[in-house]
Amino acid sequence: MVRKYLQIGLFVLIAGVIYFSFTTPAPQQIIGEASRIFYYHIPMAWLTVVAYAINLIYAIRFLKTRSELDDFRSHWSAELGTMFCVLATISGSLFAKVTWGVYWTWSEPRMLSIFILLLIYGAYLSLRAAIPTPERKGIISATYSIFAFPTVPFFIFIMPRMMQSLHPADSVVDKNLHFTMGGTVLPIFLVSLFSFTVLYFWLLGLGIRLHKVQLARFEEA
Amino acid sequence: MSSGWTTKALAVLAKDIRTELRTRYSLNALFMFAFTTLVVVSFSLGQLSLGVQVLSALYWIIIFFASMSALSGVFVKEEDAKTAQTLRLFARPSVIYAGKLIYNILLLTILCALLTPLYVAFMNVTVPDWPLFLVVILLGIIGLSGATTIIGAIVAKANVRGALFAVLSFPVLLPLLVAAIGGTDAALVGTGWAGAENHIKLLVAYAVIMITASAVLFDFVWNG
């Protein structure tokens, strides 16, 4: 019953974000209407990172516990993360076309890093598909996910220093860690960030519950 | 790290060298792949006068794809010949990893020793700074083997090995390729060691991180 109310609450929040993100003044005056994508693009990029972090945490846990459920959590989070990663890439690419005039540029470190994440987790998912035994599938893919992780700091910390970024560095917080958004922008953004994060955890839990039901049925049969 | 550890790692290496010398399969495949690619590149682009940036990128693209054809062989052949179990009984995983890593580094070093003169001749490259050029290549080889040896062990457990090896390696190798291409670029332009300093630091850091991560994770892959 509680779950039902939480679902309705989440629905109302996301509906509210969609409504207010289009009816309030655009968040950025110079870019104009197109800057509304910011309410969706940043939560997607954030959830990509969250989902992949959870994939990594459960991958490490799986190597310790060897519990099939941890492997499933890790895998399911990677699938959700890939969905958010694709959405973040597409929304970012559209926004790049409007503001910088191109859909894609390799000289932008954040585009490069999100593309690398897509490649790593694309490789992770195809690796899983290529290993037949479930136990081995979990161990090998968890190892790859942990092994690929050290390359991520290269793209987040080192590459941006070797190339110029076109991304606004102070769109959410400025150098003194003050929020740079005024008026209605900040509350809508925070609610959007919050409700999409809840949406991710709901999807994560939903997949895990479904998996448990399937396991129970499999054992009954 | 007793002397037994080193001896055993060298024994694994010696065994791999001996079996390789019987057939020369992976060295032949590696070299012919690289040579064919070089000839195709030279044949199709030889008429154009290419800039230094293009030349250094082409060099590493050739090395990357050639190594994708052979570097997974060290583990794939153990699984195919069903000798992996015997090897598990013989030594600890870290010993096996060290032996295989050195073997891959040697394999790539031989490849580069053969390919680099041909590359210089075919592509009509002038190298103003040979020591820097060779150091960048050597560091690139160590990083490339350091990252791909464990991936070779990973794909040995999977079904579709050839394509999967490249798919798994590419995202992991990208920082290495960027740094190696940048360093080669500096060596070919002739800006000296100062110009390549950042790239060399990045190459060293990359090799250290990837070999450490592999050494930690190899147990899971090997016994998984």
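The values are calculated or read from the model by the stated rules, or taken from the named source; none is laboratory data. None of these values were measured; they are calculated from a predicted model. Counting neighbours? That spans all protein chains shown, and the Cβs are built from the backbone with ideal geometry, glycine included. Just so you know, the surface numbers come from the protein's heavy atoms only, side chains and all, with ligands and any DNA or RNA stripped out. Shrake-Rupley method; radii C 1.70, N 1.55, O 1.52, S 1.80 Å.
Within segment B:4-20, residues that are closer than 13 Å to B:Val95 by Cα sit with their Cβ atoms under 7 Å from residues that are open to solvent by 40 Å² or more (accessible area, probe 1.4 Å), at 6+ positions apart or across chains, in these pairs: B:Leu13/B:Ile102. Beta carbons closer than 8 Å, at least 6 apart along the sequence or on distinct chains, pair a first residue in segment A:47-61 that is open to solvent by 40 Å² or more (accessible area, probe 1.4 Å) with a second that is among the acidic types (Asp, Glu) for A:Tyr58/A:Asp70; A:Tyr58/A:Asp71; A:Arg61/A:Asp70. Could you say whether any residue in segment B:155-169 is open to solvent by 10 Å² or more (accessible area, probe 1.4 Å) and in contact with a Gly (Cβ under 6 Å, 6 or more places away or on another chain)? No, segment B:155-169 contains no residue that is open to solvent by 10 Å² or more (accessible area, probe 1.4 Å) and in contact with a Gly (Cβ under 6 Å, 6 or more places away or on another chain).
Conditions (1) open to solvent by 50 Å² or more (accessible area, probe 1.4 Å); (2) within 11 Å of chain A (Cβ to nearest Cβ); (3) of a type in the set (A, V, I, L, M, F, W, C); (4) not in a loop (DSSP other than H, G, I, E, B), marked per residue:
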site: B:Val178; (1), (2), (3), (4): yes, yes, yes, yes
site: B:Ala196; (1), (2), (3), (4): no, no, yes, yes
site: B:Leu202; (1), (2), (3), (4): no, yes, yes, yes
site: B:Ala205; (1), (2), (3), (4): no, yes, yes, yes
site: B:Val208; (1), (2), (3), (4): yes, yes, yes, yes
site: B:Phe220; (1), (2), (3), (4): yes, yes, yes, yes
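Only a single item in (1) closer than 24 Å to B:Val216 by Cβ; (2) surrounded by 16 or more Cβ atoms within 10 Å (Cβ to Cβ) is not met by A:Gly92, and it is number (1).
So, B:Ala205, is that one in contact with a helix residue (DSSP H, G or I) (Cβ under 8 Å, 6 or more places away or on another chain) and of a type in the set (A, V, I, L, M) or not? If you could, list the steps in order and put the result at the bottom.
Working: in contact with a helix residue (DSSP H, G or I) (Cβ under 8 Å, 6 or more places away or on another chain): no; of a type in the set (A, V, I, L, M): yes.
So B:Ala205 does not fit the description; no.
Hey, any hits in segment A:61-75 for a residue that's of a type in the set (Val, Ile, Thr) and in contact with a Ser or Thr (Cβ under 9 Å, 6 or more places away or on another chain)? No. Pairs linking a residue in segment B:126-151 that is open to solvent by 20 Å² or more (accessible area, probe 1.4 Å) to a residue that is not in a helix (DSSP H, G or I), with Cβ atoms under 8 Å and 6 or more positions apart or on different chains, are B:Pro128/B:Gly190; B:Asp129/B:Gly190.
Scanning segment A:151-158 for any residue that is open to solvent by 30 Å² or more (accessible area, probe 1.4 Å) and either small (Gly, Ala, Ser) or modelled with pLDDT of 80 or more (or both) turns up nothing. Contact map, segment A:1-28: residues that are on the phi < 0 side of the Ramachandran plot paired with residues that are charged (D, E, K, R) and open to solvent by less than 60 Å² (accessible area, probe 1.4 Å), Cβ distance under 8 Å, separation 6+ or inter-chain. Pairs shown: A:Ser21/A:Arg36; A:Phe22/A:Arg36; A:Ala26/A:Arg36; A:Pro27/A:Arg36. The set of residues in segment A:62-89 that are over 24 Å from A:Tyr103 (Cα atoms) and open to solvent by 20 Å² or more (accessible area, probe 1.4 Å) comprises A:Lys64, A:Thr65, A:Arg66, A:Ser67, A:Glu68, A:Leu69, A:Phe72, A:Arg73, A:His75, A:Trp76, A:Glu79.
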